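The values are calculated or read from the model by the stated rules, or taken from the named source; none is laboratory data. Computed from a prediction, not measured in an experiment: that's the story for all the values here. Cβ placement follows ideal geometry from the backbone for every residue including glycine, while neighbour counts extend to all protein chains displayed. Heavy atoms of the whole protein, side chains included, go into the accessibility calculation; ligands, DNA and RNA do not. Shrake-Rupley method; radii C 1.70, N 1.55, O 1.52, S 1.80 Å.
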Amino acid sequence: MAMSTENTHEFKSGSNLEKILKAGHFAFTGELGPPRGANVEHVIEKAMPLKGMVDMVNITDNQTAMVRMSSWAAALIAIREGLEPNYQMVCRDRNRLAMQADILGAYAHGIRNILCLSGDHQQFGDHPNAKGVFDIDSIQLVAMIKKMRDEGKFLGGAEIDGPPRLFIGAAANPFGDPFEWRVYRLAKKVQAGADFIQTQCCFNMTKMREWIKQANDMGLTEKTYILVGVTPMKSLGMAKYMATKVPGMDVPDEIIKRIQGVDKKKQADEGITIACEQIAEFKEMKGIAGVHLMAIEWEHKVPEIAERAGMLPRPKV
Amino acid sequence: MVKGKRKPLEEIRAALAPYNKVLVTGCGGCVSVCLAGGQKEVNLLMDDLKMLFKQANTPKHLKGYTVERQCNRQFLAELDELAPQAECLVSMACGAGVQYLAERFPNMPVFPAINTIAIGVDREIGIYEEKCRACGECVLAYTGGICPVTRCAKCLFNGPCGGTNKGMCEISNDIPCAWYDIYNRLKDQKRLGDILKIQTPMEWRNQTQRTVIQEGYEKRYAGR
C-alpha cells in the first residue's frame, strides 16, 4: 500500500501504531506502569529498555485501583523519552466531563492512542471505600471518543474547537464467562468504534484460537486490529497467582506444569520460551494483527523477549 | 421497600448524652417490615439505652412512640403534643422519615437511629437484599428484569466486563455477576438481541433532589 506519512488525513490519528498496522506489519506493543509517586526518574528508567523495541507503550491508569502518577502525565514523559504512548483511561475515576477534558488535553500534548477500559473495581485498591464513578461504561467511552473525533462533537452535542484525532482502542477478554458472549462483546466494541483491540493476557491457546475463529467468521477482524496480550511468567509463584487470584485470568494446568517442570533458576527462561512460542503462533494466525506484551514489572526484559520472539528490528513507517 | 439497619448503640448513646428527656419515635412502614425501626425495635432500643445510661449513672427520661409512617404529615401530627415535651427526638425511620420529622419540629434536635441502606426485598426473615438505586431511568425492560445499576459493581450497561469469574463478580466470589445472570436469563427467553444493541450513556436523573407529581395532580399543584 502506497502511503504518504506526511498527509495525516489518510489516517484517523497518524499514530505510529496506526501506521504500522495499516502498512500490514505485525504490531508489537508494550506496557509501562506509572510510579506510586512523582518520581520522574522511575518512569525514565522503565521507558529506557522499551525504546526501539515496541511500536507503542500502554501507560496504565491507576491500575489495580492503586493511586499512581496519572496516565496522561506519565505518557508525556514517555513521549519525551522517545516512546509512543497508549493513554489508558478507566471509567472508574472520571465522569464524562473529566474524561472529555482529559482527552482534549492529552491530544493537545501529542498523545495519539487511547485505550478505553472499565477499570478494576476500587475495592481491590488502596482506597477501597472510594466512590466509583462509572458514569459511562467502556463501550460508551469508545463511542464518545469516536463522536469527538469523527463528528467533532462532545457527547452533549456541542461543537468541539479542534477535535482530538485519536486512534481508539478497547480491551477484550476472550476468557471471561460466558465464553459464547465474548465475541459479541467484541462486536459491540467494534461497532462503537474501536480501531484496535488489546486482549487480556492469553495463556489458554485453545480458547484464543476459537475466539479468533469466531471473530473472523463474523468479519470483525476486517474491521478492527486485534493485538493479543502476552505475559511471560516470571516464576511458578506468579503462574499460580495468575491462575487463582486474578479475576478473569485463565491459566491452564499445562502452563503451570511446564514452569514447574524446570529448575527454579530456569523458570523465568521457560516463561519467556512459552511467550515466544505463543507469539510465533499468533504471527501466523489469521485475524491477529499483533501482540501486546505485558511484561509486568519486567520492563528490562523486553529487549530480550523482543529479540527471542523475532520482533526486531521494529519497522519504521 | 426501604431497608435499614440500626446504628451502633454507642453512636446513638453519644448523640443523646447532652439531653435528659428523649422521645424515641418509630415508624410502622418499611423499617418496621425489615425489623429495624418499628414499635418492637423502639422498645428494644429504649431498653438498651436505659441500661447504658443507668450503668453510667446518668439516667434519662426516655419515651417511645411509633407512628404509622414518618413519611406522611398526617401521621406525624400525632407527635405534636408529645414531641415538645422532650429535649430531643430520635427517629428510627428511614432517612426520609427522619427529615420529615425534623421539618415538622424545626426547633428540636433530631437524631437518626438507623442507617438507611437500600430499596430491597425480603430474601428471608431478617435478610434483605438491595434491588434498586432509584436511578429514575429504569432499564429493566432490556436487562431481563435484573438491574445493572444496582447489581453490577461497575454499573455497566453493555454486558459483562472481563472480570466475570465462573458466574461471580470480580469483587467477590460470593456476589453473582449481574451481567452473567442477565445474559443467561435473556438467552433462556431467546431475547439476547436486547443486549446486542449498544446502550447509549445513561441520562442520570438522580443528581438533584426529585419531586414526583403524579398524572392527574399536575393542575392541582401547578406553580409548586
Flagged in the range A:134-172 as touching a residue at least 12 places away in the same chain (Cβ under 8 Å), open to solvent by 10 Å² or more (accessible area, probe 1.4 Å), among the hydrophobic types (A, V, I, L, M, F, W, C) and more than 9 Å from chain B (Cβ to nearest Cβ), in numbering order, are A:154, A:160
Counting only residues that are open to solvent by 30 Å² or more (accessible area, probe 1.4 Å) and either touching a helix residue (DSSP H, G or I) at 6+ places or on another chain (Cβ under 8 Å) or without any contact (Cβ under 8 Å) to a residue 60 or more places away in the chain (or both), the range B:130-152 contains a total of 10
Considering only helices (runs of 4 or more DSSP H) wholly within the range B:1-98, the ones with at least 1 residues that are touching a residue at least 24 places away in the same chain (Cβ under 8 Å), of a type in the set (Gly, Ala, Ser) and more than 30 Å from residue B:123 (Cα to Cα) are B:9-16
Restricting attention to the range A:107-132, the residues that are open to solvent by less than 10 Å² (accessible area, probe 1.4 Å) and of a type in the set (S, T, N, Q) number exactly 1
Taking the range A:66-106 and keeping residues assigned to a helix (DSSP H, G or I), touching a residue at least 40 places away in the same chain (Cβ under 8 Å) and surrounded by 22 or more Cβ atoms within 10 Å (Cβ to Cβ) leaves A:74, A:78, A:99, A:103, A:106
Those residues of the range A:93-118 which are in contact with a Phe, Trp or Tyr (Cβ under 8 Å, 6 or more places away or on another chain) and closer than 20 Å to residue B:151 by Cα amount to A:118
Among B:150, B:143, the single one that is over 16 Å from residue B:29 (Cβ atoms), at pLDDT 95 or above, within 14 Å of chain A (Cβ to nearest Cβ) and in a loop (DSSP other than H, G, I, E, B) is B:143
In the range B:76-104, anything over 19 Å from the mean Cα position of the chain (by Cα) and open to solvent by 30 Å² or more (accessible area, probe 1.4 Å) is listed as B:77, B:78, B:80, B:81, B:82, B:84, B:85, B:87, B:104
Of the listed residues (B:209, B:199), the one being under 30 Å from residue A:154 (Cα atoms), in a loop (DSSP other than H, G, I, E, B) and over 25 Å from the mean Cα position of the chain (by Cα) is B:199
